[in-house]
1. G189 versus (1) touching a strand residue (DSSP E or B) at 6+ places or on another chain (Cβ under 6 Å); (2) touching a residue at least 60 places away in the same chain (Cβ under 8 Å): which is the lone unmet condition?
2. I'd like the full set of residues that are crowded, with 20+ Cβ neighbours inside 10 Å, in a loop (DSSP other than H, G, I, E, B) and of a type outside the set (A, V, I, L, M), limited to region 166-180.
3. If you check E149 against the conditions, is it at pLDDT 95 or above, assigned by TED's automatic domain parsing to the domain that holds G203 and assigned to a helix (DSSP H, G or I)?
4. Can you give me the number of residues within region 98-136 that are part of a helix (DSSP H, G or I) and modelled with pLDDT of 95 or more?
5. Can you tell me which residue among Y183, Y221, Y139 is in a strand (DSSP E or B), in contact with a helix residue (DSSP H, G or I) (Cβ under 9 Å, 6 or more places away or on another chain) and closer than 21 Å to Y110 by Cα?
6. Hey, among the residues in region 152-165 that are on the phi > 0 side of the Ramachandran plot and either within 21 Å of the chain's Cα centre (by Cα) or at pLDDT 95 or above (or both), which one's surrounded by the fewest Cβ atoms within 10 Å (Cβ to Cβ)?
7. Consider only pairs whose beta carbons are under 6 Å apart and that are at least six residues apart or on different chains; among these, list those whose first residue lies in region 71-89 and is assigned by TED's automatic domain parsing to the domain that holds F103 and whose second residue is among the polar types (S, T, N, Q) and modelled with pLDDT of 95 or more.
8. One residue is enough: does region 184-203 have a residue meeting the conditions in contact with a Gly (Cβ under 7 Å, 6 or more places away or on another chain) and not aliphatic (A, V, I, L, M)?
Amino acid sequence: MKGRALCPLFAAVMAAGCLSGCSLLPKYSDPARVEIGGQTYVTGFYDNLWPVGITVGEDEPPESESEYHFWWKVANAPFDLYCAQNKEALYWNPAVYCRESQFDEVKDYYADPENYQYYIGRYLEDDTSVLLSEEDEAYAERAVGFIMELDTTVGVGGIFDPFEDRKVALNVEWLDWDRVTVYRVSKDGFFTTLHMELALCDGALYSAFSYDEQTGQTIFYRFDEDVSEHMASLFAAYGLLENQKTPS
């Protein structure tokens, strides 16, 4: 049986964006719950996570079909899971559902860092990914935690930025730094945290926020100093830095 894995994360983001503008229309929305085989399945248990590694046979028909979705059983999962592909989706971008009676257990499982492995790499270069050792996981988890906080808080509207005290301005041109990333993948291989672009310059780790063409400065969010120092040393140790620039 042939397998089809998820598209790269940025493609999934594009697909989600294409659908989100029409999310009020039933044909573009993923239902909150569905009945399959006499059981109720619900979604919403994987906040701040993206489905990865869930494969479906290209020549295998879906197990069931609703008006706007195809449904497949997720094989080799630790729980009773289904994935649904919207018929109008431009990319393979499934929503994942668990049995309603298992919801709390499933949500707790995927929220627990103990059930993940941690990776670093160059941004959008999956072949550079490096699995970190257990001794580095605590620092990586703190970095991932901050990334998830930024993703859910910054740019969602409003004038209050809870991370205003983390902003720094550096005299470095936009994208004139090593573009790296850190993330974790669930040990079952089904979910990952966001592969956000991070900036490594002057031996420190940042998340870029904006660029001021008039001053030539880039505004960054800085990571905790000890996390920044430790992660920067890992990127260097694994040969993931190419053209690091030192801001003036």
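The values are calculated or read from the model by the stated rules, or taken from the named source; none is laboratory data. Note that this is a predicted model, so its numbers are computed, not measured. Heads up, the Cβs are rebuilt from the backbone with ideal geometry, glycines too, and the neighbour counts pull from every protein chain shown.
1. So the condition that G189 fails would be (1).
2. W177
3. When the stated conditions are applied, E149 does not pass them.
4. 20
5. Going through Y183, Y221, Y139 in turn, the sole match is Y183.
6. The qualifying residue surrounded by the fewest Cβ atoms within 10 Å (Cβ to Cβ) is G157.
7. Final answer for the pair search is F79/Q102.
8. Yes - at least one qualifying residue is present in region 184-203.
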